1. Output the relative contact order of chain B, whole-number percent, from Cα pairs under 8 angstrom with separation of 6+ residues.
2. By accessible area of protein heavy atoms, probe 1.4 Å, what ranking do B:45, A:65, B:486 get, highest first?
3. State which helices in chain B qualify, where a helix is a whole DSSP H run, it must extend 24 Å or more along its own axis by its Cα atoms, and its mean Kyte-Doolittle hydropathy must be at least 1.0.
4. Extent of the stretch B:425-487 along each principal axis, from alpha carbon coordinates, in Å, largest to smallest?
5. Across the residues of A:35-46, average count of Cβ atoms on other protein chains within 10 Å?
6. Please report the antiparallel percentage of DSSP beta bridges with both residues in chain B, rounded to the nearest 5.
7. What are the extents of the Cα atoms of the stretch B:195-280 along their three principal axes, listed from largest to smallest and rounded to whole Å?
8. In Å and from the alpha-carbon atoms only, list the Rg and Dmax of the stretch B:474-573.
Amino acid sequence: MQVTININGEQVSRDVEPRQLLVHFIRDTPGLTGTHWGCDTSNCGACVVLMDGRPVKSCTTLAVMCEGHEIRTVESLEVDGRLDPIQQGFHETHALQCGFCTPGMLMTTRALLDENPNPTDEEIRVAISGSICRCTGYKNIVAAVQWAAEHQAGTRQEV
Amino acid sequence: MATVENLPSTTQERPIGFGRLKRKEDARFIRGKGNYLDDIRLPGMVHGAILRSPFAHARILSIDTSRALALPGVAAVVTAKDLETLGLAWMPTISYDTQAVLAGDKVRFQGQEVAFVIATDEYIARDALPLIDVEYEPLPAVVNARKALDPDAPLIRDDKTGQTDNLASATWEAGDEEAADRAFAEADTVVTRDIIYPRCHPAPLETCGMIADFNPQTGQLNIYNGNQAPHAHRTVYAQVAGLAEHMIRIQTGDIGGGFGNKVPIYPGYVCAIAGSIVAGAPVKWIEDRSENLMSTGFARDYVMHAEMCSKDGKITGLRVDAIADHGAFDSTAQPTKFPAGFFHIVCGSYDLQASHVKVKAVYTNKAPGGVAYRCSFRITEAVYLVERMVSALALEMGVDPIELRMRSFIAPEQFPYETTTGWTYDSGNYAETMRVAMDIAGYDDLLREQAEKRERGELMGIGVSFFTEGVGAGPRKHMDILGLAMNDGADLRVHPSGKAVVSISAQTQGQGHETTFAQIVAEELGIPPEDVQVRHGDTDRSPYGLGTYGSRSTPVSGAAVAVVSRKVRDRARLIAATMLETRPEDLA
């Protein structure tokens, strides 16, 4: 089936099998490998991307379901060499270790902050409850989101 | 410029390497620009998938691959028979056992590898799996370690000559049985507990996988594989495949967590290598989450019977009889000369009169493993046992659990102290450490809160644990895996511009070695950590070493980095002194 998906502002078209998963489409077609495949069952959240601004798990979303929709991946966060505050927050508060969950965490919390610019710790924990960090950095991830909330309008910095 | 000599000594206010740093590796990870195994695509690469056993124990009567081979896109289906012709049907484990790469005679655990499909894409490879027809004759299975040695238990390892039961090894002992019996005979109080520490799984967020790329023209084997000990893996592959080590290159890329799970060598890796030889193309194989959980290295799974006694208000004796469940193949990861890992720290931090520890390992119809998951080797099992027993004894004696520990600790003046299981502790001040911990936790306040709540009919418990952990597996006299000892190297090069590259054999899975080891070089050389690049994860570009697990990187590799930095600094000073026509000691 021919499918056209807007990924990070670019129209991406390809003939795909109806069963192809969005995560594979994103990784294979535009070659954006920041979106990770972790569990294949919607459990871990390493594959979270935004579909029309809402977080979805791309390992259990078919590419053909995204026809005409807008997908945003971790690669879209940095704009003109300037980091998104949520990326900066993760760096500032040491909210990552192996980095495998990080893209999904970043997209999940980016969506949270878009909807709720000043979340409580509890609201952050609920928002990331579908994402697993096996290096167990949840405390620092919550701190990272709070850092980003405090610096939303702040300057983007080089890392 | 800051130099080593004019830097103040390191303190909490001035950590090593020019102070606190944010991590160097974050820059790529927060942009989604890490380089994990699945991100690598090689030209002409094909994909592998594994057919797994639906039974815990069954005889394989026949395997028919014809329907799978007829599927368009399938390049090959490899079975045990094919591997036999390559001499790769069985592989050695790191505990001197053998493990089937693909099951030929029997399957011995649910999820065991039976066939390996190679196809043009990962979807087709998986489509082919149900098209492989395997005829099984199910056999009785044993999954309970305590029943593995029953006379009527099914024999799991009938592949091993002379194996007549499910004992995976002789009984391991430490301590003095007679002395321990005497301590118990003279005791005032004795407690007994059966402690089951169930199997768990490290479950790194990135599963295990490999890209194997064998070049038949040059005989070079390039491997991309996120593992915790690339040099040790290369040595094993060299032995298994009959290649020289320098003809094998392992590159790890970034690793999405390990936690012990990426220490062992798995059948899927050998399949990918064999597949590349058979297919004449790079083969990528990555397991899914279910495969990771059902077939790769687990942790714990110890069934322990313990007794502890006291006399005159102090702990005096410990007796332990434990069963280690090793699954169908013994691939437990442990480097100590005592075959139950660091289990001999089971007498904890206490000055005992005597102890006696027995551990026997059994085969069961479960996945193999026994890795050091977030601890050193079998430390967690040992600590859990001894601390649980001390608390049980305190309860029985009617004394505060901290008070009993305080009375029984090894005293500072007793160090170096040889424990009753024969392990030497070099130093310690346990009572003082405990007092500091109690202050930090506010133990007296907690006791008051507990009393008030109990008054009101509310329940509140206070957990207490004190442990001595052995980390930094290193010296050859105590540690070894496959005769490789437990050494790690470091190679430091300083360029004319003053920038440095340090190559290490430790293997980060997220620990942040690129930052930490740069700080160590910075501390020793007096150059900023930004000017130090840490190179790792490539056997062609790093010195030999045993890798990262059991909290050993900084104690072992870190020490090597510090030593090599000092050598470079001293050499540089000598050369500079000659050039400046002065004495080396006059140069800062």
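The values are calculated or read from the model by the stated rules, or taken from the named source; none is laboratory data. Bear in mind the structure is a predicted one, so any value in this text is a computation, not a measurement. Cβ: placed from backbone, ideal geometry, glycine included. Neighbour counts: every protein chain shown. The protein model used for the area step is the full one, side chains on, heavy atoms only, and it has no ligands, DNA or RNA in it. Shrake-Rupley method; radii C 1.70, N 1.55, O 1.52, S 1.80 Å.
1. Values: 1300 pairs, mean separation 101.2, N = 588.
Over chain B, the number comes to 17 percent.
2. On the way: B:45 30, A:65 110, B:486 0 Å².
Listed by decreasing accessible area, they come as A:65, B:45, B:486.
3. Values: long enough: B:379-397 (27 Å, 1.05); B:559-580 (31 Å, 0.67).
Once both thresholds are applied, what remains is B:379-397.
4. Principal extents (largest minus smallest coordinate, Cα): 61, 24, 13 Å.
5. Values: counts 1, 8, 7, 9, 8, 4, 3, 0, 1, 4, 1, 3.
Per residue, the average neighbour count from other chains is 4.
6. On the way: 67 of 86 bridges.
The answer is about 80 percent antiparallel.
7. Between the extreme Cα coordinates on each principal axis of the stretch B:195-280 lie 55, 24, 22 Å.
8. For the stretch B:474-573, the Cα-based Rg and Dmax read 13.3, 42 Å.
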